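S.K.: Just passing along the structure, written as C-alpha cells.
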Amino acid sequence: MVKITLPDGSVKEFQGPVTALEVAESIGSRLAKAAVGAKVDGALSDLSTRIEHDAAVAIVTEKTRDGEADPDALYLCRHSAAHVMAEAIQRIVPGAQLVYGPPLENGFYYDIAFPEDRPLREGDFEAIEAEMTAIVKEDRAFTRYEMPAGEGMAKLESEGSKYKLDNAQRAIDAGSDELSWYATGEPGTDWEDLCRGPHVPSTGRIGAIKVMSLASSYWHGDENSDRLTRVYGTAFFNKKDLDAHLHALEEAKKRDHRVLGKQLDLFHIDDEVGQGLILWTPRGSIIRKELQDWIGGELRKMGYTDVFCPHIGKLGLYKTSGHFPYYQDSQFVPVMERQFIEQVSEEGCSCGDLSNMMRAGDIDGYLLKPMNCPHHIKIYASRPRSYRDLPIRLSEFGTVYRWEQSGELNGLTRVRCFTVDDAHLFCREDQVADEVMGCLSLVKIALDTLGLTDFRVRVGLRDPDSSKYVGDPAVWDRAEQACRDAAASLGGKVTEEPGEAAFYGPKIDFVVKDVIGREWQLGTVQVDYNLPERFGLEYVGSDNKTHRPVMIHRAPFGSMERFVGVLIEHFAGAFPLWLAPEQVRVLPVSEKSNDYAQALCDKLVARGVRATVDLHNDRVQAKIKHAAGMKIPYSAIVGPRDEEAGEVNVRAFGIKDALGSMPVDDFVDAIADEIACKGSERLTERFETAGV
RNA sequence: GCCGCUGUAGCUCAGUGGUAGAGCGCACCCUUGGUAAGGGUGAGGUCGCGGGUUCAAAUCCCGCCAGCGGCUCCA
C-alpha cells in the first residue's frame with residue numbers, strides 16, 4: 001500500500017508502487033495529459049518515476065493554477081531541449097563531444113568540445129534548429145535507464161568520452177552508486193546522454209525552441225583546461241511564449257545604457273583615446289555632477305572631510321599596501337623613471353629581463369593608482385593622532401585605473417578608469433560597529449532616494465582555499481563577523497559568498513541587475529584590519545599608549561561610471577527632474593512666439609533650471625516629438641494665446657496629453673521646487689490634484 | 001585573454017566582384033503651423049586599419065584594431 005498526499009492535503013491510496021503519471025490519471029485524464037513532470041517529496045522528477053513509498057506528490061503542468069508559466073515545468077522543458085539540441089548538433093557535426101548541458105533561468109546551454117577542424121558557427125544555427133524541430137515532431141519519449149556505477153563506467157569507458165566519464169566520476173564521488181541515462185526514444189537504438197534528469201515525457205512536449213548564441217567556455221571553469229564551445233538556446237511550451245521572450249529581449253536592448261548613452265548624448269568612448277576610457281559629454285557630466293554634489297552634501301552633514309590626491313604614487317607605496325606586485329595583472333604597467341630605464345639598458349638588460357624584474361617587483365617607478373586607500377592612509381599618518389580625533393573620515397571622488405581584460409570591458413559598467421565616491425574611515429575598534437552602520441545607512445539613503453530598491457546585499461568572505469588574502473586569520477574572523485552582523489541588521493536579502501572578499505578584508509556589497517540580467521556591484525562597505533597593520537598606523541589612546549586604528553573603506557555608489565550606467569537603465573533614460581541633463585525645453589508654436597519663449601527660458605535659467613528653447617523651423621508637433629525623443633522631463637509650449645494670458649502650456653515626459661496651462665511665474669516656481677526637493681513633490685501632481 | 005558574431009554618412013541600417021545608398025539628424029529655402037514627424041533643396045563617406053588575390057574589392061583571403069554575447073577575471 002502506497003499513500004500519496006496531494007498538494008490540497010487529500011490522500012490517495014494505491015495497491016503497490018505507482019508512477020506519477022498514474023497518480024495524475026487517477027485524478028483526471030485532463031491533468032494526466034497536461035502533466036510534464038512531478039514533484040515527489042519536493043524533488044522534481046520524471047512523470048514515469050516509480051514511487052515505492054508513501055510520498056507527497058504534486059503534478060507539474062505547463063502553467064500554474066493562476067495561468068503563469070510554471071518555473072519547474074520550464075526547467076524540465078529546457079533541460080529536455082538541451083538534449084534535443086545536443087542530438088541535433090551531433091547529427092550535424094559528427095565527433096562533437098558533449099560535456100555538460102544544464103537549464104538556466106531563461107533557457108539552457110550545452111558545453112560541447114568540437115573537433116578542431118569543425119568549429120560550430122552561427123551559420124549552423126538554422127540547420128540545428130531544423131533538426132531540433134524534426135526531433136520534436138517525432139515526439140520520441142525520454143526514456144530513463146540505470147546501471148550500477150561500475151558497469152556504467154565501463155560503458156562510458158568503451159564510448160571513450162573523457163567528459164562524460166568525468167561527469168560520472170563526479171556523481172559517484174558525490175555518493176551515487178548508480179548512473180542514469182536518458183535515451184531520446186528507445187535505449188540502445190536512439191540517441192542517449194548520461195544524465196541525472198528529470199525530463200518532460202517526450203520531445204513533442206517542447207513546443208518552441210531557439211538556438212541563441214555561441215560562446216567559449218572552459219572545462220570546469222578553469223582557464224588552463226580544455227576550451228569548450230557553449231551553445232545557448234531557449235525553449236518554451238509554445239511559440240507565443242518564445243516570441244514574448246524574444247520581444248522582451250528587444251525591449252530590454254532599448255534601455256541598455258550603451259544605447260541610451262548614444263541616443264541621449266551622455267558619454268562617448270573613443271578608440272583613439274582607448275578602450276574602457278569614458279569621455280563624459282556635457283549632458284552625462286550633469287548627471288554625474290548632480291550625484292556628486294548631492295552625496296557630497298550628505299557627507300559633510302555626516303562629519304566627512306574632503307581630501308584630494310594625485311593619480312599616481314610610487315611603487316613602494318603599493319608594495320607596502322600589498323597591491324604590487326601581487327595584483328600586477330590588473331594594473332597598468334608602472335610608469336618608470338627615465339633614469340632607471342636608461343641605467344638598466346646600459347647594464348645590458350633585455351626586455352625579457354625588465355619584464356622579469358617588473359614581475360618580481362624589483363623595479364622603481366610610479367603606479368597609476370588602482371585604489372585610493374594608500375594615499376588616504378598617508379594623510380592619516382601625516383601627523384600623530386589622538387583617540388579624541390577618531391573617527392577620522394576622509395572622502396574623495398578618487399579616480400583609479402585598472403587593467404581589465406579587453407573582453408571584460410562593457411560600456412560604463414566595466415571600464416579601465418573610474419572614479420570612486422570613496423572614503424576611508426579611521427576609528428577605534430569600539431567604534432567599528434557604529435561606523436559600519438553609518439556607512440550602510442548612507443548607502444540606503446542613496447539607493448532609496450533614487451528608487452533603486454531591487455538590490456541584494458552580499459557579504460563577501462574569504463575563500464578558505466586561497467592564498468591571495470593578506471593578514472591574520474583571527475583578524476579576518478573578527479572582521480567577517482562584524483560584516484555579517486551589520487548586513488543582517490539591514491533586514492533585507494542577504495547572501496554570504498566565500499571568495500568575494502577584498503584581498504585585505506571582508507566586505508558588504510550592494511548588488512543590482514542590469515537590463516539583461518547581469519549583476520553589478522555598486523556600493524560597498526569594507527572593514528579592514530590589515531592595511532593599518534601594513535602601514536603601521538597608530539593613535540594615542542586615553543591610556544597614553546599607542547593603539548592601532550581600524551579602517552573602513554566605503555563607497556555608496558561604488559564607481560560613478562558604473563552607477564550612472566545602472567541609473568540610465570533604471571530610469572530607461574528618463575531621469576527625474578533634478579538629474580535630467582535638460583530639465584525644461586520651451587517650444588514656441590511658431591516663430592512669432594520665439595521672443596516670448598526665449599524670455600521664459602531666460603527666467604528658468606536665471607533660477608538655475610537647465611532649460612533650452614527649440615527655435616527650429618518645425619511645427620510644434622515635431623518639436624514635441626523631438627523633446628520626447630530626448631526624454632526631457634517637461635516641455636513648455638507657448639503660442640500667441642499663452643503670451644496674451646502670460647501663461648505657459650505644460651507637457652510632462654511619458655504623459656500623452658498636455659497637463660494644462662499655468663502662469664509663467666508659477667511654472668518657474670514649480671520647476672524650481674521640484675528640483676529642490678528631488679522630485680518628492682512633482683509638478684504633475686499639482687495638475688492631477690487640481691483636476692485639470 | 002578565449003570562442004563566435006559585427007564594423008558602410010553624426011545616428012539607425014541596406015548594399016554578395018563592376019560609378020557609394022536610404023531614413024533620421026544637420027544647413028538653406030518655402031511654409032507661421034496649437035500638442036508625438038508640413039514640403040523642397042543641399043552638404044556630408046580614406047566603406048574600422050594594413051596587406052593580399054583580381055583588369056576591377058565595401059564585397060573574396062590573411063593579419064591587426066574596436067564593439068557585442070558569453071567564458072575566465074574583478075582590490
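S.K.: Looking at the structure I just gave you, is A:ALA599 modelled with pLDDT of 95 or more, farther than 30 Å from A:VAL415 by Cα and part of a strand (DSSP E or B)?
M.R.: No; evaluated as a whole, the condition is false for this residue.
S.K.: Considering (1) β-branched (Val, Ile, Thr); (2) open to solvent by 30 Å² or more (accessible area, probe 1.4 Å); (3) modelled with pLDDT under 90, say which one A:VAL11 fails and leave the rest.
M.R.: All conditions pass for A:VAL11, except number (3).
S.K.: For A:ASN544, work out the one condition from (1) part of a loop (DSSP other than H, G, I, E, B); (2) near RNA strand B (Cβ under 9 Å from one of its atoms) it doesn't fulfil.
M.R.: (2)
S.K.: Would you mind stating whether A:HIS220 is on the phi > 0 side of the Ramachandran plot, open to solvent by 50 Å² or more (accessible area, probe 1.4 Å) and within 16 Å of RNA strand B (Cβ to nearest atom)?
M.R.: Yes.
S.K.: Out of A:ALA69, A:ALA58, A:ALA38, A:ALA24, report the one residue that is over 30 Å from A:TRP219 (Cβ atoms), over 35 Å from the mean Cα position of the chain (by Cα) and of a type in the set (Gly, Ala, Ser).
M.R.: A:ALA24
S.K.: Any idea how many residues of segment A:18-55 are assigned to a helix (DSSP H, G or I), open to solvent by 20 Å² or more (accessible area, probe 1.4 Å) and within 18 Å of A:SER202 (Cα to Cα)?
M.R.: 8
S.K.: Those residues that are out of contact with any Ser or Thr (no Cβ under 8 Å at 6 or more places or on another chain) and without any contact (Cβ under 8 Å) to a residue 12 or more places away in the chain, I need them from segment A:209-239; list them, please.
M.R.: Residues satisfying the conditions are A:HIS220, A:GLY221, A:ASP222, A:GLU223, A:ASN224, A:SER225.
S.K.: In segment A:432-520, which strands (runs of 3 or more DSSP E) lie fully inside it and hold 1 or more residues that are under 24 Å from A:MET560 (Cβ atoms) and either of a type in the set (Asp, Glu) or modelled with pLDDT of 90 or more (or both)?
M.R.: A:456-461, A:507-513
S.K.: Still on this structure, please answer the following. Considering each of A:THR234, A:THR189, A:THR229 in turn, give the residue that is open to solvent by 30 Å² or more (accessible area, probe 1.4 Å), in a strand (DSSP E or B) and closer than 30 Å to A:GLU146 by Cα.
M.R.: It is A:THR229.
S.K.: Scanning for something part of a strand (DSSP E or B), touching a residue at least 40 places away in the same chain (Cβ under 8 Å), farther than 28 Å from A:GLY284 by Cβ and in contact with a helix residue (DSSP H, G or I) (Cβ under 8 Å, 6 or more places away or on another chain), does segment A:661-672 turn up at least one residue?
M.R.: No, segment A:661-672 contains no residue that is part of a strand (DSSP E or B), touching a residue at least 40 places away in the same chain (Cβ under 8 Å), farther than 28 Å from A:GLY284 by Cβ and in contact with a helix residue (DSSP H, G or I) (Cβ under 8 Å, 6 or more places away or on another chain).
S.K.: Here's a follow-up. Name the pairs: first residue in segment A:399-413 and under 19 Å from A:ASN372 (Cα atoms) and part of a strand (DSSP E or B), second residue open to solvent by less than 20 Å² (accessible area, probe 1.4 Å) and near RNA strand B (Cβ under 8 Å from one of its atoms), Cβ to Cβ under 8 Å, at least 6 apart or on different chains?
M.R.: Between residues of segment A:399-413 that are under 19 Å from A:ASN372 (Cα atoms) and part of a strand (DSSP E or B) and residues that are open to solvent by less than 20 Å² (accessible area, probe 1.4 Å) and near RNA strand B (Cβ under 8 Å from one of its atoms), the close pairs are A:VAL400/A:PRO370; A:TYR401/A:GLN331; A:TYR401/A:PRO370.
S.K.: Moving to a separate point now. How many residues are surrounded by fewer than 17 Cβ atoms within 10 Å (Cβ to Cβ) and away from RNA strand B (no atom under 12 Å from the Cβ) if we restrict to segment A:248-280?
M.R.: So the answer is 3.
S.K.: Another question about this same structure. Give segment A:183-195 a look and list any residue that's at pLDDT 90 or above and either touching a Pro at 6+ places or on another chain (Cβ under 8 Å) or over 13 Å from A:GLY152 (Cα atoms) (or both), or say none.
M.R.: A:ALA183, A:THR184, A:GLY185, A:GLU186, A:PRO187, A:THR189, A:ASP190, A:TRP191, A:GLU192
S.K.: Let me ask you something else. Restricting the search to segment A:628-660, which residues are near RNA strand B (Cβ under 7 Å from one of its atoms), open to solvent by less than 60 Å² (accessible area, probe 1.4 Å) and touching a residue at least 60 places away in the same chain (Cβ under 8 Å)?
M.R.: Answer for segment A:628-660, where residues must be near RNA strand B (Cβ under 7 Å from one of its atoms), open to solvent by less than 60 Å² (accessible area, probe 1.4 Å) and touching a residue at least 60 places away in the same chain (Cβ under 8 Å): just A:GLY629.
S.K.: Can A:ASP166 be described as assigned to a helix (DSSP H, G or I), open to solvent by less than 70 Å² (accessible area, probe 1.4 Å), acidic (Asp, Glu) and modelled with pLDDT of 90 or more?
M.R.: In short, yes.
S.K.: Here is a follow-up. Considering each of A:LYS625, A:LYS678 in turn, give the residue that is of a type in the set (D, E, K, R), within 37 Å of the chain's Cα centre (by Cα) and either near RNA strand B (Cβ under 9 Å from one of its atoms) or farther than 24 Å from A:ASP265 by Cβ (or both).
M.R.: Answer to the check: A:LYS625.
S.K.: Are there any pairs, at least 6 apart or on different chains, whose C-beta atoms fall under 7 Å, with the first in segment A:441-462 and at positive phi and of a type outside the set (A, V, I, L, M) and the second open to solvent by less than 30 Å² (accessible area, probe 1.4 Å) and modelled with pLDDT under 85, and if so, which?
M.R.: Every condition considered, no pair remains.
S.K.: From the set of residues in segment A:405-458 that are open to solvent by less than 10 Å² (accessible area, probe 1.4 Å) and in contact with a Gly (Cβ under 6 Å, 6 or more places away or on another chain), which is nearest to A:GLU496 (Cα to Cα)?
M.R.: Only one residue fits best here, namely A:VAL457.
S.K.: Name every residue in segment A:661-675 that is open to solvent by less than 20 Å² (accessible area, probe 1.4 Å) and within 9 Å of RNA strand B (Cβ to nearest atom), in order of residue number.
M.R.: Correct list: empty.
The values are calculated or read from the model by the stated rules, or taken from the named source; none is laboratory data. Worth saying up front: this structure is predicted, and the values here are computed from it rather than measured. Counting neighbours? That spans all protein chains shown, and the Cβs are built from the backbone with ideal geometry, glycine included. Note: accessible area is taken over every heavy atom of the protein model, side chains too, but ligands, DNA and RNA are not part of it. Shrake-Rupley method; radii C 1.70, N 1.55, O 1.52, S 1.80 Å.
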